[in-house]
1. Equivalent-ellipsoid semi-axes (√(5λ), Cα gyration tensor) for the chain, whole Å, largest first?
2. How about the range 160-237: which trypsin sites (Lys or Arg not before Pro) there lie in a loop by DSSP and see at most 16 other Cβ atoms within 10 Å?
3. Could you compute the net charge surrounding THR167? Neighbours are other residues with a C-beta less than 14 Å from the C-beta of THR167; K and R count +1, D and E count -1.
4. Holding the Cα-Cα limit at 31 Å, pick out from LYS143/LYS253; LYS71/LYS235; LYS170/LYS253; LYS170/LYS235; LYS14/LYS158; LYS143/LYS235 the pairs that are longer than that.
5. Give me the base-10 log of I(q)/I(0) for the range 96-168 at each q in 0.28 Å⁻¹, Debye formula, one uniform scatterer per Cα, rounded to two decimals.
6. Given the options SER63, LEU92, GLY139, identify the residue whose Cα lies farthest towards the positive end of the charge dipole of the chain (+1 on Cβ of Lys, Arg; -1 on Cβ of Asp, Glu).
7. Place a +1 charge on the Cβ of each Lys and Arg in the chain and a -1 charge on the Cβ of each Asp and Glu, then give the dipole magnitude about the Cα centre in debye, rounded to the nearest 20.
8. Any chance you could tell me what percent of the C-alpha pair distances in the range 1-82 go past 16 Å?
Amino acid sequence: MGGLAAAPLLECNKVTATFGSLVAVDHIDLFAAQGETIGIGGPNGAGKTTFLDLVSGLLPLTSGEILFEGKTVGGRPPHRICHMGIARTFQLNAGFEGMTVLENVLAACVFGSPNNVSRGLFCARPDLERAEALLVEFGLEDKASDLVENASVLDRKKLMIATALATDPKLLLLDEPVGGLTPPEIDEFVGVIEILKNRGLTMIFIEHVMRFLTAVATRAIIMHHGATLYDGSPKGIAHDGAVTEIYLGASAKTMQAAEAGST
Ligand SMILES: Nc1ncnc2c1ncn2[C@@H]1O[C@H](COP(=O)(O)OP(=O)(O)OP(=O)(O)O)[C@@H](O)[C@H]1O
Ligand SMILES: [Mg+2]
């Protein structure tokens, strides 16, 4: 194609987070280009969620630097980072329990937009139309008036994504989007990620379900003890000696067999 390579959408330089003497995230360098779908795996306690907490501003950086579209993210509060164009979902289902499915998305439409904040947080007809369109996009329109606390795990996972999209992000961070789902639901969620890719979103997601990660990621990262153990092709993780030894164990063989069966 020629020409200069585009600047990364997200640039993390030596990003580090410590809790007392524990180094949870240890000098992570991660560049995400526009359009990438990066899947992060790794053992429990590897620092994956902590890394997303740093990018989304829920935790302060101990050291290092995070740039989004060339602008410094570190030190800004989470709602400002959201207004810059970074949205996220959570490992455990998050939402306003006492509110309906529609009201949850509506709240994100109103509070997630920097323009709305300046006009005084009133809910206007375009907000309602946008919220309703998001529910349709994720097949939640029949559940619009259900209380969130009564929604199924699958619907709550979809709702978290619809809520994140209501803030009109460029970068979407997903923490275990299919954690707790059944195998057929996981297959259905591959389609949800396709919707997000077709919207042109850049994504970084954490996932332990390797068949999902390799199905949707364009690039895989495996973290261990806060550091990057592997950064490369999703298919390559099942063939990497260190990843197999530390993380995949016997499931590396299953992944290799599945790969052989699909080619
Ligand atoms: N607020 C906190 N205070 C102290 N220690 C913390 C805090 N948050 C995380 N940790 C520790 O930091 C390390 C990394 O945790 P983190 O939640 O980022 O792991 P993870 O890779 O997301 O794991 P999992 O796959 O189980 O979700 C763990 O040892 C955890 O106990
Ligand atoms: Mg986690």
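1. Values: eigenvalues 180, 108, 60 Å².
In descending order, the three semi-axes are 30, 23, 17 Å.
2. Numbers: sites: LYS170, LYS197, ARG199, ARG211, ARG219, LYS235; in loops: LYS170, ARG199.
Here the trypsin sites (Lys or Arg not before Pro) that fit, given the DSSP loop and packing criteria, are LYS170, ARG199.
3. On the way: positive: ARG80, ARG88, ARG130, LYS170, ARG199; negative: ASP127, ASP168.
Local charge sum for THR167: +3.
4. On the way: LYS143/LYS253 41 Å; LYS71/LYS235 33 Å; LYS170/LYS253 36 Å; LYS170/LYS235 26 Å; LYS14/LYS158 33 Å; LYS143/LYS235 37 Å.
LYS143/LYS253; LYS71/LYS235; LYS170/LYS253; LYS14/LYS158; LYS143/LYS235, as the Cα separations exceed 31 Å there.
5. Rounded to two decimals, the profile gives -1.30.
6. Checking the options against the dipole of the chain, the answer is SER63.
7. Details: 20 positive and 30 negative charges, 111 e Å.
Using Cβ point charges on Lys, Arg, Asp and Glu, the chain gives about 540 debye.
8. 54
No value in this document is a laboratory result; all are computed from the given coordinates. Small disclaimer: the values here were computed from a predicted structure and weren't measured. No Cβ is skipped: glycine too gets one built from the backbone with ideal geometry, and neighbour counts run over all protein chains shown.
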